[in-house]
Amino acid sequence: EEMIFMAVSYYFDEDEYEGFFSYNRFENTDKGDETEINRGMHVGSALVAYVLDKNPRFGREEHLDLSGDPTAPHNITLVSAVPIRSDGNKLSAFALATPTIADIDGNDEEDVLIGTSMGMIYCMHARHMYNIDGWPVQIPNPIESRILVEDVLGDTNLEIFVNDVAGNIFCFDIKANIIWNRSLKDTIQFTDEILAISPMTMGDVNGDGILDIVMTFKVLEGSQWASYVVAISAKTGDDLANFPMKFESPLPIDDGTADAKILQKLPQALLIDLHGEQGHWKPYLYRNGTGWDHPVKERVHDSPHGGKAPGLHIVQPIGSNVYIIEGGSGCTQNIAVGEEINAMVQADDVHGTNNIDLVVSTRSGNILTLESPAVPYHPLNV
């Protein structure tokens, strides 16, 4: 049975309630809150399964969180109502992250993980939607990005990686115990709020055979915007050599006014091998991806395209520029596109040349391809 899992956030339907039904949620209500404004101040979240078979239909819906909505308009003149204060932590019950599907507890049945803006991390059996032992757990800040799962310790158990909007990253085991956690703001000794952050991307950045995590966040330092690209070991949470890297973001849209306090979503980083020399992948490809040894690229001295260090490249849009960072050395290349890029860069053999092309889309709707004639296309590189 195939299913699609969706995270949903919902409000009371004012068109349905107003003029048709009396709002008698509680028997002892004094009717003082029977107004459109107060009803609209509540928000809930749920996980919904849509079944794909001969009769497509919505399956089970599992309620997650319920709260007031700090973004709703307040009316302090309502009958028997006191002034309502905004939620300072912004922990309202939205579900803004994409669910993650994996067999967490090793019982050969799929599980679903999702984080919510209440800071809750749910881990449930996908078929029946009941919580796995130890879950859910709560962290202090909202979660708006997809949870990652991978076995980075080599013990055949999956580790669970969660990042929140405040720049904290948590690594949990399958029993919801914290293996490590860290604050990205501490890395740069920054105490103010992070104003924009990207989802996590996982890959072997420096070519040491251990998976790493890459993400980007943006802060306002004085009157200047600055973006930091961070790469940490998924095994220990420690910074990789040459990281974090700081880049300026001199965009007119980022003038620090108006919506400066609203968290923005930055494009996710693309991890890809853009070295011209790709011979280290051949044994792995010939064995159909079943090689026991991790394919490690040695440092070479005659391969100028893409650099000479082992590991992958980080392709990160920042403002109107595409930055290509060689993970093993920290060397960067900057390509100015001329328009703001607000989506993740994609990679494929677009032009049918058996070489890798980078696909860049801009805010105004333009789509560009950056050709790389020296980098061969193969399935492990897209």
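Okay, here's what the table says:
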read-out: When residues of the stretch 334-373 are limited to those that are β-branched (Val, Ile, Thr) and either more than 19 Å from Leu266 (Cβ to Cβ) or in contact with a helix residue (DSSP H, G or I) (Cβ under 8 Å, 6 or more places away or on another chain) (or both), the one surrounded by the fewest Cβ atoms within 10 Å (Cβ to Cβ); value: Ile367
read-out: Residue in the stretch 313-325 that is polar (S, T, N, Q), modelled with pLDDT of 65 or more and not in a loop (DSSP other than H, G, I, E, B) present; value: yes
read-out: Among (1) under 19 Å from Ala166 (Cβ atoms); (2) polar (S, T, N, Q); (3) modelled with pLDDT of 90 or more, the one test that Thr98 misses; value: (1)
read-out: Matching residues in the stretch 203-236 - criterion: being under 18 Å from Ile147 (Cβ atoms) and more than 16 Å from the chain's Cα centre (by Cα); value: Leu211, Lys235
read-out: All strands (runs of 3 or more DSSP E) inside the stretch 130-194 with 1 or more residues being open to solvent by 50 Å² or more (accessible area, probe 1.4 Å), of a type outside the set (D, E, K, R) and modelled with pLDDT of 95 or more; value: 178-183
read-out: Complete set of residues in the stretch 91-103 that are crowded, with 23+ Cβ neighbours inside 10 Å and not hydrophobic (A, V, I, L, M, F, W, C); value: Ser92
read-out: Long-range neighbours under 8 Å by Cβ, at least six apart or interchain, first residue in contact (Cβ under 8 Å) with a residue 40 or more places away in the chain and of a type outside the set (A, V, I, L, M) within the stretch 180-198, second outside any loop (DSSP other than H, G, I, E, B) and surrounded by fewer than 17 Cβ atoms within 10 Å (Cβ to Cβ); value: Thr187/Asp239; Ser198/Lys265
read-out: Count - residues of the stretch 104-126 that are surrounded by fewer than 19 Cβ atoms within 10 Å (Cβ to Cβ) and free of Cβ contacts under 8 Å to residues at least 24 places away in the same chain; value: 5
read-out: Count of residues meeting criterion [in a loop (DSSP other than H, G, I, E, B), at negative phi and surrounded by fewer than 20 Cβ atoms within 10 Å (Cβ to Cβ)] in the stretch 219-248; value: 6
read-out: Among (1) open to solvent by 40 Å² or more (accessible area, probe 1.4 Å); (2) free of Cβ contacts under 8 Å to residues at least 60 places away in the same chain - the single one Pro379 does not satisfy; value: (2)
read-out: Residue satisfying all of: in the stretch 195-204; under 22 Å from Leu312 (Cα atoms) and aliphatic (A, V, I, L, M); most open to solvent (accessible area, probe 1.4 Å) among these; value: Met202
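The values are calculated or read from the model by the stated rules, or taken from the named source; none is laboratory data. Keep in mind that this is a model prediction, so the values were computed, not measured. Note: ideal-geometry Cβ built from the backbone for every residue, glycine included; neighbour counts use all protein chains shown. Remember, those area values only see protein heavy atoms, side chains included, never the ligands or the DNA or RNA. Shrake-Rupley method; radii C 1.70, N 1.55, O 1.52, S 1.80 Å.
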